[in-house]
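*Asks:* Following this message is one structure expressed as structure tokens.
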Amino acid sequence: MTGTAFIVDDDEAIRDALTWLFKSRQVASRAWPSAEAFLADWQDTLRGCMVLDVRMGDMSGLELFDILSERGSQLPVIFLSGHGDIPLAVAAVKKGAFDFVEKPFNDNELVDRVILALAFGASRQERHEGQATLTSRLSQITPREREVMECILEGKYNKVIADELNIAMRTVEVHRARIFEKMGVKSAVELAQLLSGRK
Amino acid sequence: MNAAISRLHNVQAWYLTAPRIAVGLFVLAVVSLLWLLHRQELEEQRVGLISDMLWVEQILHFQLSRSQEQLQLLGQDYFNGDLADGRFEPRLKSLLLNNPGITQLLLLDKGGRVLRGGPGPIGETIVGEKLRPEPSQQAFRLSRSTGNQVFSASYASGSEWLFDLIVPHFRDGQHLGSIVAVHSVKTLLSEQVPWWFAQKYRISVTDSNGVILGSKSNVEAGEETLSHRIPFDPPGYGLLLVATAYKAETSLARNLLALAIVGLGAGVLASLWAQRRHMQKRLDAEQALSNEYAFRKAMEDSLFTGLRARDLQGRIIYVNPAFCRMTGYSAAELVGLMPPMPYWAPEEHEKTLAVHQKVLAGQAPSEGVEVRLQRKGGERFDALIYEAPLIDAEGQHTGWMGSVLDITERKRAEELAQQQQEKLQFTARLVTMGEMASTLAHELNQPLSAIASYTTGCLNRLDADNFQRDEMRETLRKLASQAKRAGHVIRRIYDFVRRSEPQRAPCDMNEIIEDAIGLIEADARKRGVDIVSDLFSGLPSIQADRVMLEQILLNLMRNGMDAMQTTEIERRRLIVSTAPAEGGLLVRVTDHGSGITQEAAEHLFEPFFSTKPEGMGMGLNICRSIIEFHKGRMWVETNPEGGTIFNFTLPQEVR
């Protein structure tokens, strides 16, 4: 299982018990006693999911969730909600939280959800990273190369492209080679696959 | 109203003006009459004066004519030589005596020299320049040339004015001489004018220049009096005979009468004026009075406070419109009534009568009395009545004045406010309970969640057969501590409940019941419920929390009243009774309400069970808990007369 469950709860017993529970299912976990402590340690590189108590001392779980969203965190969040907090938890889910679990919870069910969240988080991260790579590669293409690339994506031959853009055949060939190199592909088909769903 | 008043005003003004005009005209008429009379009198006087005047002139004329004749005779006798020396003097004397106007007689020869004469010194000549005055000389010459008798113009001699009568004597055309009769104007007048004439008039002779030549009297006549003048001829020469009437002695009576008439006229006018002023004042006063009355009436009619006056016997003698509106009876229906009044609510009859009698006895409370009254249609309303003695203008105490305020709305508002307050408190209580429950749930959830997680973790390991004993032991210890933590939470709740434990002390159940009834009585009256207490005297003393028992009673009584909401008003009786019971006492709260269904009776004491929409369902549950805490018992029975009976027992105080 990739990723770690990040537990944030102000009750030490809960933190300890959850760690014990997760460990029994081979889920790695790490715990913080407060939202502020977690924020101090947070980095973009953290991979996993969050198990967050709604009701905590100074900063509530929901506030922490909002701050993390602002920072662009991709971590899925599972809220632990107590009696009377359910409406808050539901609102959080609508804002993009992964799920919420009502206390007292069915523990193995919680673990199942954490595992789901970890998997979801990993794929989202991957997708996110792919997107980031593509974006950085695209940013290296010059405007002229972009015009040429669009023509290539439309399936036009070099000769046609040269006519359309009023440049020499030879120049089109150089551009094509440059584009393939910058985008890390070997053929026009590969390029089309990489950019499908984009534009 | 105003138009009518102004018309009245006009009519009155006319009444006031007409007599004044009449009196004015009357006085004017009288004055004119007097003036006319005066004029007539003057006219008469003038006519009298003229005729008197003519008469005097006639006399004077006659006298002078006679003098002429006699002088003629004397002249004939003298110049014929018939008069011897001795006979002349007597003849002269007799002539002078007969003609008093002649002061001197002179006989002149044809040359004008004085031959003889008398009385008094006789001058040398009449024609000469020195001796006789010029008028006399002129007359002499005129008479000699004409041969006629001639009067001279008047002339002054000393203080007197004189004129001469010259009688010439001729024989055969020859002038022999003349006789001169010197006349004194004054003497002529004084001798010839009779006394009665002098009494009435001042008679005088003036020349053409207005110089008085002589007069009968020296008394000056007043100005602007009646006078008449006629020529005095002979002697002529522009002489005038002037008679001036002495100021006629006007009639005193007539003057007094005129004065009286004028005075009376003035008096009438003055009295009319005074009357007018008086009338004006009265009119003003009337106007002010009617304004005041209208103002008071408007005030009284627009008043919201009902006013009712009663005489000393309690009979209604006056009610205002507000009172009529309040009660629905008309003033005609109410005035003259003696108690009981139709607007007294029958169920409060005795209380109202007591208040009434208290008022008549002069003991009306100054802060007012609250009484429930009824309108004509039977609708009840609450009134606040202030009574005060009615003192008339002479300071006589004639009755009682009451102001009646309809405070139904106010009371309703107060009750509404109170209900709102209660509802609010109820809600607040609910909110507090909810919060407490939430906190409690959270506090318990934490250790329970931890316990569950530890347990599941253990089970997972056991299932996987992958565990270390130390690890398991450690976890189980943590698990136990979490269980202990949950136990602490529970204990805290228990402690909290314990803090409000009843405070027991010896007390008398009957007293508690009476206090509770006292608390709920006002509410009961409002709902038309009659609370009857049937208390057994000599109940055993009990050891109990007085406030809690009072709460139970209030709760049961309130439930009973709620149950009787739809019961007809005569049957709304709530009976609270006490009786001794085995080892203690029994309290029964009996209502005549809708009763309880068998199904409801089964759940009646369960928590959160309620037949009321706003009920929390804690009342009876708590009641039974309290009774059981006091080691008593509580149960419910069906009232055979309809309704429900709640019973509870309490054990006797154990010493």
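Taken together, the values in this text are just the output of simple stated rules run on the coordinates, not laboratory data. Note that the coordinates shown come from a computational prediction; the quantities given were computed from them, not determined experimentally. Quick reminder, even Gly has a Cβ in these numbers, built from the backbone with ideal geometry, and neighbours come from all protein chains shown.
*Asks:* What percent do you get for the relative contact order of chain B when only Cα pairs under 8 Å and 6+ apart count?
*Replies:* 6
*Asks:* Here's another thing I want to ask about it. In debye to the nearest 20, how big a dipole does the range B:492-563 give about its Cα centre with +1 on each Lys and Arg Cβ and -1 on each Asp and Glu Cβ?
*Replies:* It works out to roughly 380 debye.
*Asks:* Hey, could you get me the Stokes-Einstein D for chain A, Kirkwood radius over alpha-carbon pairs, 20 °C and 1.002 mPa s, rounded to whole µm² s⁻¹?
*Replies:* In µm²/s, the coefficient is 109.
*Asks:* What size of dipole, in debye to the nearest 20, comes out for chain A about its Cα centre when the only charges are +1 on Lys and Arg C-beta atoms and -1 on Asp and Glu C-beta atoms?
*Replies:* Around 1220 debye, computed over chain A.
*Asks:* Less than 17 Å from a label point 7 Å out along the Cα-to-Cβ axis of B:LEU269: which backbone N atoms in the range B:15-55 qualify, by residue?
*Replies:* Those under the cut-off are B:16-35.
*Asks:* For the range A:105-199, count all C-alpha to C-alpha pairs, find those more than 22 Å apart, and express that count as a whole percent of the total.
*Replies:* Looking at the range A:105-199, the distances longer than 22 Å represent 44 percent of pairs.
*Asks:* In chain B, what is the volume of the convex hull around the alpha carbon atoms, normalised per residue and reported in Å³?
*Replies:* 422
*Asks:* Work from the charge dipole of chain B (Cβ charges, +1 for Lys and Arg, -1 for Asp and Glu, about the Cα centre) and give the residue of B:LEU189, B:MET341, B:ASN647 farthest towards its positive end.
*Replies:* B:LEU189
*Asks:* Rg and Dmax of the range B:135-230, Cα atoms, in Å?
*Replies:* 16.7, 56
*Asks:* Also: Let me check against my output: what whole-number percent is the relative contact order of chain A, with C-alpha pairs under 8 Å and at least 6 apart? If you can, show how the numbers build up before the last one.
*Replies:* Working: 238 pairs, mean separation 32.6, N = 199.
Here the relative contact order equals 16 percent.
*Asks:* Give me the distance between the Cα centres of the range A:129-185 and the range B:476-549, rounded to whole Å.
*Replies:* Going from one Cα centre to the other spans 89 Å.
*Asks:* With label points built 7 Å along Cα→Cβ from the Cα atoms of B:SER208 and B:ARG477, find their separation and express it in nm.
*Replies:* 18.4
*Asks:* I've got another one for you. If I fit a long axis through the Cα atoms of helix B:349-360 and take the longest principal axis of the Cα atoms of chain B, what angle between them do I get, 0 to 90°, rounded to 10?
*Replies:* Computed tilt is about 40 degrees.
*Asks:* So if I average 1/r over every pair of distinct C-alpha atoms in the range B:527-609 and take the inverse, what Kirkwood radius in Å does that give?
*Replies:* When all Cα pairs of the range B:527-609 are included, the Kirkwood radius is 14.4 Å.
*Asks:* Over all directions, what mean area does the Cα convex hull of the protein assembly as shown project, stated in square nanometres?
*Replies:* Orientation-averaged projected area of the Cα hull: 110.3 nm².
*Asks:* Using only atoms on other chains, find how many Cβ atoms lie within 10 Å of each Cβ of peptide A:7-13 and report the average. Working shown, then result.
*Replies:* Numbers: counts 0, 0, 3, 1, 7, 3, 12.
Average neighbour count from other chains, rounded to a whole number: 4.
*Asks:* Calculate log10 I(q)/I(0) of the range B:26-76 for q = 0.24, 0.28, 0.29 Å⁻¹, where I(q) comes from the Debye formula with a single equal point scatterer on each Cα and nothing for solvent.
*Replies:* Debye curve over Cα of the range B:26-76, log10 I(q)/I(0) at q = 0.24, 0.28, 0.29 Å⁻¹: -0.84, -0.93, -0.95.
*Asks:* Given the DSSP H assignment, sum -39500 (n - 2.57) over each helix run of at least 4 residues in chain B and divide by its residue total; what's the result at 222 nm in deg cm²/dmol, nearest 500? Could the numbers behind the result be given before it?
*Replies:* Numbers: 15 runs with 334 residues, N = 655.
About -18000 deg cm²/dmol.
*Asks:* Over the range B:223-340, calculate the relative contact order: mean separation of alpha carbon pairs under 8 Å at least 6 apart, over the residue count, as a percent.
*Replies:* Rounded, it is 12 percent for the range B:223-340.
*Asks:* Helix B:134-146: angle to the longest alpha-carbon principal axis of chain B, degrees 0 to 90, nearest 10?
*Replies:* Helix B:134-146 and the main axis of chain B meet at about 50 degrees.
*Asks:* What's the magnitude of the charge dipole for chain B around its Cα centre, counting Lys and Arg as +1 and Asp and Glu as -1 at the beta-carbon? Answer in Debye, nearest 20.
*Replies:* Dipole size: approximately 1420 debye.
*Asks:* Which one, B:LEU92, A:ALA168, B:ALA441, projects farthest toward the positive side of the charge dipole computed for the protein assembly as shown from Cβ point charges (K/R +1, D/E -1)?
*Replies:* B:LEU92
*Asks:* Two decimals is fine: what is log10 I(q)/I(0) at q = 0.10, 0.15, 0.22 Å⁻¹ for the range B:327-455, from a Debye sum with one equal scatterer on every Cα and no solvent?
*Replies:* -0.53, -0.86, -1.31
*Asks:* Starting from the exponent 0.38 and prefactor 2.2 Å, build the expected Rg for the range B:264-366 from its residue count and divide its actual Cα Rg by it.
*Replies:* Expressed relative to 2.2 N^0.38 Å, the Cα Rg reads 1.79.
*Asks:* Related question: Would you please report the Å³ per residue occupied by the convex hull of the alpha carbon atoms in the range B:475-616?
*Replies:* Value for the range B:475-616: 187 Å³ per residue.
*Asks:* What is the angle, in °, between the Cα long axis of helix A:143-153 and the longest principal axis of the Cα atoms in chain A? Nearest 10 is fine, range 0 to 90.
*Replies:* The answer is roughly 90 degrees.
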